[in-house]
1. How big is D, in µm² s⁻¹, for the protein assembly as shown by Stokes-Einstein at 20 °C and 1.002 mPa s if Rh is the Kirkwood radius over C-alpha pairs?
2. For the Cα atoms of chain A, what angle does the longest principal axis make with the long axis of helix A:291-301, in degrees from 0 to 90, nearest 10?
3. Step through the table entries B:K17/B:K113; A:K64/A:K113; B:K64/B:K164, compare each Cα-Cα distance with 19 Å, and write down the pairs that go over it.
4. Once the convex hull of the alpha carbons of the range B:274-320 is built, what does its volume come to per residue, in cubic angstrom?
5. May I ask for the accessible area buried between chains A and B, both sides summed, probe 1.4 Å, to the nearest 100 Å²?
6. Taking a probe of 1.4 Å, how large is the accessible area per residue of the range B:1-92, in Å²?
7. Using θ = phi - 60° and the Karplus curve 6.51 cos²θ - 1.76 cosθ + 1.60, what whole-Hz ³J(HN,Hα) does each residue of the range B:139-149 get, with Gly and Pro shown as x?
8. Restricting to Cα pairs below 8 Å that are 6+ residues apart, what does the relative contact order work out to for chain A? Please round to a whole percent.
Number of protein chains: 2
Amino acid sequence: MASRSSDPAQLFGAAAKGDRGALARLLSLAERGGDQGREVARLASPHAGRGYVVGITGAPGAGKSTLTSALIGELRARGARVGVLAIDPSSPYTGGAILGDRVRMQDHTHDDKVYIRSMATRGHLGGLSLATSEAIRLLDATGHDWVIVETVGVGQVEVEIAGKADSTVVVVNPGWGDAVQANKAGLLEIADIFAINKADRDGVESTRRDLQAMLDLTEFAEGEWQPTIVSTVATTGHGVVELVDAVVAHRADAQASGELVRRREVRRREELREIVERRLELRARELCSGAKWDALEAQVVSGLLDPWSAADDMLRGISA
Amino acid sequence: MASRSSDPAQLFGAAAKGDRGALARLLSLAERGGDQGREVARLASPHAGRGYVVGITGAPGAGKSTLTSALIGELRARGARVGVLAIDPSSPYTGGAILGDRVRMQDHTHDDKVYIRSMATRGHLGGLSLATSEAIRLLDATGHDWVIVETVGVGQVEVEIAGKADSTVVVVNPGWGDAVQANKAGLLEIADIFAINKADRDGVESTRRDLQAMLDLTEFAEGEWQPTIVSTVATTGHGVVELVDAVVAHRADAQASGELVRRREVRRREELREIVERRLELRARELCSGAKWDALEAQVVSGLLDPWSAADDMLRGISA
C-alpha cells in the first residue's frame, strides 16, 4: 500500500490519486518541516496553483466552524473537492487531536471528496505560518479545488494566515460593532467579503449599516474590489449559497483584474523571505550551542573576549 | 587633539583620560554599531567591570529624571565619577538632541566628573538593547564609577534594559497601587529597591504597605535579596542619601552572595546571543536582495522553483 510507505514521492503519487492516509502522512511531514517536509514542498510545488484558497476568520464564537461546514456542503453540491485547514494558534494540539471538537464539520468526515485537518503551533520549525503555507500547497497540489483555511481568533497570527488566502471571508455577528472595536481596522483591511453570521438575531441591519459606513469611509483605488456583505445563518444554511456566490464573484473579479496573480506572487515572495529568515534563525540556535560556543561564551563571560569578536568567530564558520 | 581623531583606539585613550569630546564620539560609534562600533567594544571590553550599573525605571511622570539628578549629586558628594544614560525607546531622537528637555540634570552639565547621554532607537543595527550594552560598557571602561541607566516608561524594552543593571531602582508614586496594576508583576520582578518618590504627597504609607504586602506574598529563596523600600522627594533631596545607601547595601549583598557575578555572567551570555542573532538577521536582509535573489525569487513567483529549494540555493553561499 502506497500509504504505508514513508517515501514522500510515493506518498505524493498516492495522495494525488485520492489516498487520504497518504495525504495525512504528507501533511504531517509538511507540518514538521524538516528535510522530508522540504521534499514534500518540492513535489507539490509544480502541481500547485489550480486550487482556490478561501480564508475564514473572525472573533471566537462568531460561528466560523459552522459556517465552514455549511460552505463545504455548498461547494460539494457544486461538485468540487474541498480541503479544509482548521487552524488554532493558541492550541498546542495538532493533527487529528482537536478534530473531535469541531463537531459541525463531522457531517463531512465520511465524504471522500472532503479532507479536514486541524493544525496548531506545535511542530513546524518555521512556525504555524510556514506550516500553513505548506499544507495549503499540498491540498492544492493533490487536487482539492477549494482549500478553506479557518482561523480561530483575530490576532496577528490570524491576520498573517488570512494573508495566505485568495479570498478572505471575515465572519462577524449582529452587534459586532461594539464588541471588537479595536480589531475593526485590521479586519477591514483583510476582508474581501463580510459574512454577518447568526443573522437571525437582532441588529443585523445596524451591523450591515455600520460595516457599509466604514467601507464608505475607505478610499478604494479605481477598479479595486469593494468588500461585499452577506447575511448568513450557518446553522440553518440561510445565506450560504449567497456567500459562495460572493466568493465566486470575488474570484472572477480578482482573476479579471490581475489581482489574483498579484496576490499569489506577493505570497510566494513573502514565503521565500520567511523561509530564509527562519533557516537563519535555526542556524543561530545551532550556532549558540555546542562545544565551540561554550568555549567562546566562557571567554566572553570571563571578560577575556568582547562579544562582537566572539560572534565574528562563531559566524565565520557559518554555511548553509 | 585626540578628540578630533576618528581612530577608535586614539579616541579611547583620550576618553579614558577624561576627554569628553572623545567619549561622545566613541558613544556615537558604539551607538551606530558598525565596524567601528565593534572596534570600540573590543577596546572597552578588557577595561570594563569596575563600574557599577544602576537602573532607574518606572512609569512616565514618576520623577525619574529628577531623582536621577539627585542621585548624581549624592554620588558626586561621595567622590564618585558618574555616567548617565537616559533612554527613551519611544523617541526617534538620539545623542544630545533631547538632553535639553532633561532640565533637572542640567545642574550637572558643568561638572566634568559627570557625563550624561540621551539614547533613543535610531542608529544601532542591533536595536536599543545592544546599543545600551555598548554604551554602558564604554562608560564603565572609561572610568565612571557609577553608570546610571534611566529608562522612560515601563514596557518590554524598559524591562529588558533594566536587566542590564547591577541594581534596579523602580520609582513609584503615592497612590501607584491603582494606577499601573497591569505592570506591577513585571516591576516587582525587576526591582531591587523601590523608591516611593513624591513622598510629600498623600498616600505614602498605604503605598508602602501595598508594596510590602506584595513582597510578603513573594517567595524568596534562602539568602535571596528582598527589595527594600525608600521614600524620596527628589525635588528637595529628601531620602536621597537613604536611596544611595540602599543601592550600596544591595551592591554589598550581591557581591557577598555571588549574585552580582552571576547577573553579569547572564548578561554577557545574553548579549553574545543577541549579537549572533542580530548579525544573522542582517545577513538575511542582505541575502534577500540583489541580482541572485531577484532571479531566484522570479523562479519561485512563477512556480518554476519551490521556495525551500530557492532558500537552499541562497543560503549555500552564506558566510559571515
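The values are calculated or read from the model by the stated rules, or taken from the named source; none is laboratory data. None of these values were measured; they are calculated from a predicted model. Glycine also receives a Cβ, built like all others from the backbone with ideal geometry; neighbour counts cover every protein chain displayed. These area figures cover heavy atoms from the full protein model, side chains too; ligands, DNA and RNA do not enter into them. Shrake-Rupley method; radii C 1.70, N 1.55, O 1.52, S 1.80 Å.
1. 76 µm²/s
2. Tilt relative to chain A: about 80 degrees.
3. A:K64/A:K113
4. On the way: hull volume 3.2 nm³, N = 47.
Value for the range B:274-320: 68 Å³ per residue.
5. Numbers: alone 15880 and 15890 Å², together 27680 Å².
The contact between B and A buries close to 4100 Å².
6. Details: 3490 Å² over 92 residues.
Value returned for the range B:1-92: 38 Å² of accessible area per residue.
7. Here the 3J(HN,Hα) series is 5, 4, 5, 9, x, 7, 5, 10, 10, 9, 10 Hz.
8. Numbers: 511 pairs, mean separation 57.4, N = 320.
That works out to 18 percent.
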